[in-house]
Amino acid sequence: MSDLPLLGSHLPMSAPGYFAIACELAKTLGEDTFMFYTGAPQNSVRADIAKMRIEEGMKILDAVGISPSSLVIHAPYIVNPASRRKEENFQFAIAFLKQELARANAFGVKNIVVHPGSHLGDGEDYALDCLADAIDAILEGDQTDVAICLETMAGKGKEVGTSFDFYASLFPRLSRPERVGLCLDTCHLNDAGYDLTHFDEVLAELDFKIGLQKVKVVHLNDSKFERGSHKDRHENIGYGTIGFDVLSKIYRNPNLKGVPFVLETPWIDDVMPYQQEIEMLRSGVYVPSWRESL
Ligand SMILES: [Zn+2]
C-alpha cells in the first residue's frame, strides 16, 4: 500500500443494485474509499435500509480491503438546518438527519457530510443560532459514533459556512462538539476566496481557528470559476482554475494523511472520469488532454 491518503469518488447508489453496485463500481475503478447518498441527492425520499443490499456490498468491500468506516455518506443538499423561518422545514431537517445518522451506522460509515445551509436573508448570526440548535437536537440522545461533517461552502446565494471564522464561532456553541467535524471542498474553498496555491497557510489558519483534527473528509475538485467567484461549479482535475499541481499537492499534504479524499468531478457525457483522475493523482503525473481520450 502506498503512503498516500485514501482516494475515491462520489458513486451512485440507486435501485435495484444499491450498495452492492456502488461497492462493485468502487472495485472496478480502483478506489480505496467512496462517498454515496442514501438516495437521490436532491430529495429526501429514502428506501428502506433493508433493501439496500448492505451485506452483499460488505463482502465486496472486504475482498478488496476497503473498510466501511472509511466511506462517506453525503446528506441531501435540500435540508436546511441554518434557518427556522419555516419551522416545519427546520424540524424536518433535524428529523431527517437523525435518521441519516442511524442509516450511516447501519452501513458502518463514520462520517456524514452535511451542507450547513442558507440563512435565507436573516444573516450569519441567526444562521449560527439555528445551526447550533439543529445539531444539538440531531445529536441529542444519539448513541452512534457517526460524525456530522459540515462542509466548507462556496458562498453561492445566501449559503453559510464559507469561512473558517463561521465554524470557529459555531463549534463552541455545540453541546457535543466532539461529534462534529469539517469537510473541506477544494472547489468551494477556492470559490469562497481561499488561495489554494498557499495551502499550508490555509491549513495553518484552519488549525489556529478550529483545529486540524476537525477535518474528517476532503472533497477534491477543480473549479470552473476563479478564486472568490462564489459560484460552486466543479470541474475535472486539471481542467479548472485550481489546476492539477495544486490539487496533487493538497492530496500529498502530510497534515491530511489520515483523511479520505473524495472526487465529485463532473462526468464526461455518460462516462465517469474518476479512474483517470485517481491514477493521475496517485502517480502525481498529469496526462495532458486526458479527458479527450475517455
Ligand atoms: Zn457537498
Among the residues of region 39-68, write down those that are touching a strand residue (DSSP E or B) at 6+ places or on another chain (Cβ under 9 Å) and either more than 30 Å from GLY123 (Cα to Cα) or surrounded by 19 or more Cβ atoms within 10 Å (Cβ to Cβ) (or both). ILE66, SER67
Check region 76-84 and report whether any residue there is touching a helix residue (DSSP H, G or I) at 6+ places or on another chain (Cβ under 8 Å) and among the aromatic types (Phe, Trp, Tyr). no
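Rundown of residues vs (1) without any contact (Cβ under 8 Å) to a residue 40 or more places away in the chain; (2) within 16 Å of the ligand (Cβ to nearest atom); (3) out of contact with any Leu (no Cβ under 6 Å at 6 or more places or on another chain), yes/no style:
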position: GLN143; (1), (2), (3): yes, no, yes
position: SER169; (1), (2), (3): no, no, no
position: GLY181; (1), (2), (3): no, yes, yes
position: ASN190; (1), (2), (3): no, yes, no
position: GLU201; (1), (2), (3): yes, no, yes
position: LYS216; (1), (2), (3): no, yes, yes
position: HIS219; (1), (2), (3): no, yes, yes
When only residues in region 65-122 that are closer than 22 Å to ALA22 by Cα and modelled with pLDDT under 95 count, which is nearest to the ligand (Cβ to nearest atom)? TYR77
Go through (1) more than 18 Å from PRO12 (Cα to Cα); (2) in contact with a strand residue (DSSP E or B) (Cβ under 7 Å, 6 or more places away or on another chain); (3) not in a helix (DSSP H, G or I) for ASP232 and report which single condition fails. (2)
Filtering region 49-62 down to residues that are touching a helix residue (DSSP H, G or I) at 6+ places or on another chain (Cβ under 8 Å) and part of a helix (DSSP H, G or I), which residue is farthest from the ligand (Cβ to nearest atom)? GLU56
When region 195-226 is examined, which residues are found to be in a loop (DSSP other than H, G, I, E, B) and either loosely packed, with under 13 Cβ neighbours inside 10 Å or modelled with pLDDT under 95 (or both)? GLU226
Can you report the number of residues in region 245-277 which are crowded, with 17+ Cβ neighbours inside 10 Å, part of a helix (DSSP H, G or I) and touching a helix residue (DSSP H, G or I) at 6+ places or on another chain (Cβ under 7 Å)? 7
Scan region 104-144 for residues that are assigned to a loop (DSSP other than H, G, I, E, B), in contact with a helix residue (DSSP H, G or I) (Cβ under 8 Å, 6 or more places away or on another chain) and of a type in the set (Asp, Glu) and report the count. 1
Lone unmet requirement of (1) of a type in the set (D, E, K, R); (2) under 19 Å from ILE250 (Cβ atoms); (3) within 13 Å of the ligand (Cβ to nearest atom) for GLU159: (2)
Candidate set: region 197-225, residues that are under 20 Å from the mean Cα position of the chain (by Cα) and of a type in the set (Lys, Arg); chosen: the one farthest from LEU247 (Cα to Cα): LYS214
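Table: residues versus (1) closer than 19 Å to ASN105 by Cβ; (2) among the acidic types (Asp, Glu); (3) within 18 Å of the chain's Cα centre (by Cα).
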position	(1), (2), (3)
CYS130	no, no, no
ALA137	yes, no, no
ASP145	yes, yes, yes
THR152	no, no, yes
LYS158	no, no, no
TYR167	no, no, yes
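The values are calculated or read from the model by the stated rules, or taken from the named source; none is laboratory data. No experiment lies behind these values; they were computed from the predicted model shown. Because the Cβ atoms are built from the backbone with ideal geometry, glycine has one as well, and the counts that use them run over all protein chains shown.
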